[in-house]
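Single-structure report; data block below.
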Amino acid sequence: MNFKDVLKFDIKHKSKHKLITLGYAVAIITAFIVSLTNNNYVEASVSKSERLDYIMIENNVVNNLSNPETIYPESSVENIKSLFNMVNTLVRERKEAKTITVEKGDTLISVLMDLGLNREQANDVYYKLNAQKYDPRDLRIGQKITALSTIDSQTGALMKVNFITLEPQAGERLIAQMEENGEYKVRREKDEMIEEVNSATGSISGTLSHSMQNQGVPAAIVNKFIQIFAYSVDFRRDVRKGDKFEVIYENKISPDGKIVKTGDIIYAALILRKDKLALYRFEHSKGNADYYTEKGLAMKKTLRKVPLNVKYRISSPFGKRRHPIFKDLRIHWGVDYAAPMGSPILAGGDGVVQVAKYNGAYGNYIKIRHNSEFSTAYGHMKGFAKGIRPGVRVKQGQLIGYVGSTGRSTGPHVHYEVVQNGRRVNPRTIKASAGENLAGDKLKKFKKMVAEVQSSYKNMFAQNEPAKVASK
Ligand SMILES: [Zn+2]
């Protein structure tokens, strides 16, 4: 016999208002016991108005329990009935949350079925997610997908899956909710993200990354900063104690104040002794941004000064020198970077491999054509990286071979040459950009943005002017 039956039975046969008082007491005690045993559930499933009713009734009972002759209005009976229904439901069903972490080999369908959907429902939700512009291939290993289901308290059997929530990216959710008719409806929710602009400046002592982190710049931004300048600065040699940095960057913040995403660097500058290198981010085509000098010259595609990412020593600079083997004075047409045997050699820029073969005094030799203006060459290699042969396209920084001592060489090093319009030039002083510079309307738009950044941060960076800015 459940509580409803007790109520019907009693209302028929005994003094009505005494029984109502008893009914209240039973309902409240039951609700209280249920709430003790399953507190979270009561919190989650009793609506605000139901809780208000509950509190009102409880107050009445406390006030009137001592006086069983109190007359209750007829509507109270309905209140009690609905309260009993609620208690009944509480006893019969409970809600359960389940989270699945996506593993290798999982598909969206398999995850949905693991969360309790049958094949038909899983297909239905799959297509509805698709219709909300969710690409199932975006499912990432480690991603968490959550379901909130209704479970039969007695048997523990799954009754239905009420909600499925997945986060395609931080601050964004896709929610599949079962409607009253048993069909799922999928909606997209987005946290309103606040974009916060931060800036920092400081003197460099010790490493650049240390100096930046000391000024509160997040590690992810420091790494981006270094990447931006890797094309134009040799950090080990060009940056000295007392040089300065400037950075302006964005963070994406969720409404509860968490950094959801470290954003992009808007502006980055290095103030070297007598030189200032300032770069601005600019979206040159939809979704594609690069960094440009104040004048709109692309920095990304500037050739690397050093085709290595390991510790090296300049064993022979560019220009006139006494030859280490012939002992006479001749021009050295490249820079020799000595590094351990087998160290990776990286492409100085994007381009196409023109030559990859043994080439007399150069030993194992690679030549890459970057564009109509620039080529680079690499000599004395121990060997070529897999797949490097004439005609192959390479990316800046891609592994092309290994440091060796083949050809006319006295020890492991890479001989690095930069050829500009057919003339060999010093890789350490090239400043000209080999990338696509801004022109026309884009340049106009870019210059406007530069002016805005400069005027906003004028005071902040005022003390950082170099001794003498080199003209470029
Ligand atoms: Zn050399």
Original post:
Which whole-number percent gives the relative contact order of segment 102-190, counting Cα pairs below 8 Å spaced six or more residues apart?
Top reply: 24
**OP:** Compute the FRET efficiency between VAL392 and GLN154 as 1/(1 + (r/R0)^6), taking r as their Cβ-Cβ distance and R0 = 60 Å, and round to the nearest 0.05.
**Re:** 0.30
Subject >> Inter-probe distance in nm under a simple model that places probes 7 Å from Cα toward Cβ, at ALA170 and LYS445 >> reply: 2.8
**OP:** Round to a whole angstrom and tell me the spacing of the C-alpha centers of segment 208-249 and segment 403-455.
**Re:** 19
Original post:
Regarding segment 328-472, what are the three Cα extents along the principal axes, ordered largest first, in Å?
Top reply: 55, 35, 27
Subject >> Phi to ³J(HN,Hα) by Karplus 6.51 cos²θ - 1.76 cosθ + 1.60 over segment 194-202, Hz, x for Gly, Pro >> reply: 9, 8, 10, 9, 10, 9, 8, 8, x
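Between LYS295 and ASN88, what length in nm is gained on full extension when 0.36 nm per residue of separation is reduced by their alpha carbon distance?
Values: separation 207, 0.36 × 207 = 74.52 nm, distance 7.42 nm.
The span from LYS295 to ASN88 would gain 67.1 nm if fully extended.
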Subject >> Placed amide H near ILE345: partners under 5 Å, 5+ positions off or other chain >> reply: ILE400, GLY401, TYR402, VAL403
Original post:
Using modelled amide H (1.01 Å from N, peptide plane; none on Pro or chain starts), what sits under 5 Å from the amide H of LYS160, excluding residues fewer than 5 places away?
Top reply: THR150
Subject >> Out-of-range pairs (alpha-carbon distance over 27 Å; input LYS190/LYS444; LYS95/LYS252; LYS367/LYS447; LYS276/LYS311; LYS244/LYS447; LYS190/LYS442) >> reply: LYS190/LYS444; LYS95/LYS252; LYS367/LYS447; LYS190/LYS442
Subject >> Distance between modelled label sites at LYS258 and ASN464, nm, 7 Å Cα→Cβ extension >> reply: 3.1
Subject >> Projected label distance in nm at THR146 and ASN426, using a 7 Å step from Cα toward the beta-carbon >> reply: 6.1
Subject >> FRET efficiency, 1/(1 + (r/R0)^6) with R0 51 Å, evaluated for GLN213 and ARG137 via beta carbons >> reply: 0.90
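Provide the packing ranking of 110-117, 169-176, 384-391, 373-380, i.e. peptides ordered by the mean count of other C-beta atoms within 10 Å per residue, highest first.
Working: 110-117: 19.6, 169-176: 16.6, 384-391: 13.4, 373-380: 22.8.
Ranked from most to least packed, the peptides come out as 373-380, 110-117, 169-176, 384-391.
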Subject >> Shape parameters for segment 77-149, alpha-carbon atoms, Rg then Dmax in Å >> reply: 17.6, 57
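Within 10 Å of each candidate Cβ there may be at most 15 other Cβ atoms; applying that plus a DSSP loop requirement, which trypsin sites (Lys or Arg not before Pro) in segment 198-248 survive?
On the way: sites: LYS224, ARG236, ARG237, ARG240, LYS241, LYS244; in loops: ARG240, LYS241.
Here the trypsin sites (Lys or Arg not before Pro) that fit, given the DSSP loop and packing criteria, are ARG240, LYS241.
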Subject >> Cα-based radius of gyration of segment 120-206 once divided by 2.2 N^0.38 Å, which approximates compact folds >> reply: 1.62
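Read the figures in this text as sums done on the coordinates, not as results from a lab. Small disclaimer: the values here were computed from a predicted structure and weren't measured. Backbone-built Cβ (ideal geometry, glycine too); neighbour counts: all protein chains shown.
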